[in-house]
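The values are calculated or read from the model by the stated rules, or taken from the named source; none is laboratory data. Quick caveat, the model's predicted, so the values are computed rather than measured. Counting neighbours? That spans all protein chains shown, and the Cβs are built from the backbone with ideal geometry, glycine included. Side chains included, ligands, DNA and RNA excluded: accessible areas come from the protein's heavy atoms. Shrake-Rupley method; radii C 1.70, N 1.55, O 1.52, S 1.80 Å.
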Amino acid sequence: MPPIQPQHLSVPGYVSVYNSQKSVATFTMANELVNAHEAEQAAMANMLSEHISQILVASRLYIECAMTDESQRQGLLEESRNLVATALKEINSLAKSLSPVSLKETGLLETINELADDTSKTTGINFKTCWDGFNEELPHEKLKLTLLRITQEYIKNIVSKSTPGNIEIHITQRKSTLRLKILDDGTSLRRSAIKKEYFFQHIHRRGLLHLAQTPVYIPAPHGNTFSIRFPL
């Protein structure tokens, strides 16, 4: 029996999913949404298993050593307590990044400012924000939430991979486009390597849900530049 062709598939109550370019685009975006959700879940699992669990394993080793070495016990327990405190901070940060956000109450710009302040307190990084022509009323809520999630995702990863001292966040809005641009002065990372990173692919998928152009990453002699542009 020959294989069923896509254009022959239909579901009662719905038009054929391949009967127009619009339908194809709709299902493509739905597929990207599923992929983005799966990628987010995988990133969270990776954070828990590879980073936070390592901190807790190190804490347990200090405790085990303290149980057998009375002379060093106090110092070892102090080290263990510090590691547990670090793990708690990481868990709280992860929980906050995954929690639902209502931008109707705080607005995108204020929320990004809070993200910058929180990150600065824990890392010592200096942040600068620049808003050019941005109007909170124009972009719809889902696009603003996507901008926030992309900013969170990129900053979290660039802080750990590039260790910058300064980060700039720019949002520029024009009549038909909205651009997010993030610059830092950390260690330059290879473009080919970054594009293969899980987080960068995740950002790309998020952008596709709003028909964004492919994210651009440019390494420089002393820093990195990331940008992504959305249609309005």
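A cut-off under 11 angstrom between Cβ atoms defines the neighbours of Gly133, and their net charge, with Lys, Arg +1 and Asp, Glu -1, is +2. The accessible-area ordering, largest first, of the residues Glu90, Glu105 stands as Glu105, Glu90, per a 1.4 angstrom probe. Taking every alpha-carbon pair under 8 Å whose residues sit at least 6 apart, region 95-232 reaches a relative contact order of 22 percent. Largest to smallest in accessible area, the residues Lys175, Lys89, Lys144, Lys181 fall in the order Lys175, Lys89, Lys181, Lys144 (1.4 Å probe, all protein chains included).
Tally the DSSP beta bridges in region 88-191 and give the antiparallel ones as a percent, rounded to 5. Counting only bridges with both partners in region 88-191, antiparallel ones make up about 50 percent. At the residue level, Asp117 shows approximately 90 square angstrom of accessible surface with a 1.4 angstrom probe and all protein chains present. Entry note, region 172-227: relative contact order of 46 percent, from Cα contacts under 8 Å with a spacing of 6+ residues. Glu168 exposes around 60 Å² of accessible area when a 1.4 Å probe is run over every protein chain in place. A Förster distance of 30 Å, applied to the separation of the beta-carbon atoms of Lys175 and Asp118, puts the FRET efficiency at 0.35. Note on Thr106 and Asn166: the model spin-label points, each 7 Å out from Cα along the C-beta direction, lie 2.6 nm apart.
Counted by Cβ distance under 15 Å from Lys196, the other residues give a net charge of +4, where Lys and Arg count +1 and Asp and Glu count -1.
Apolar share of the accessible surface for region 132-175: 50 percent from carbon plus sulfur atoms, 1.4 Å probe. Ordering Leu56, Leu115 by accessible surface, largest first, gives Leu56, Leu115; the 1.4 Å probe counts only protein heavy atoms, with every chain in place. Summing +1 for each Lys or Arg and -1 for each Asp or Glu among the other residues whose beta-carbon sits under 15 angstrom from that of Asn166 gives -2.
Taking R0 as 25 Å, what FRET efficiency do you get between Leu88 and Lys195 from their Cβ-Cβ distance, rounded to the nearest 0.05? So, using R0 = 25 Å, E works out to roughly 0.15.
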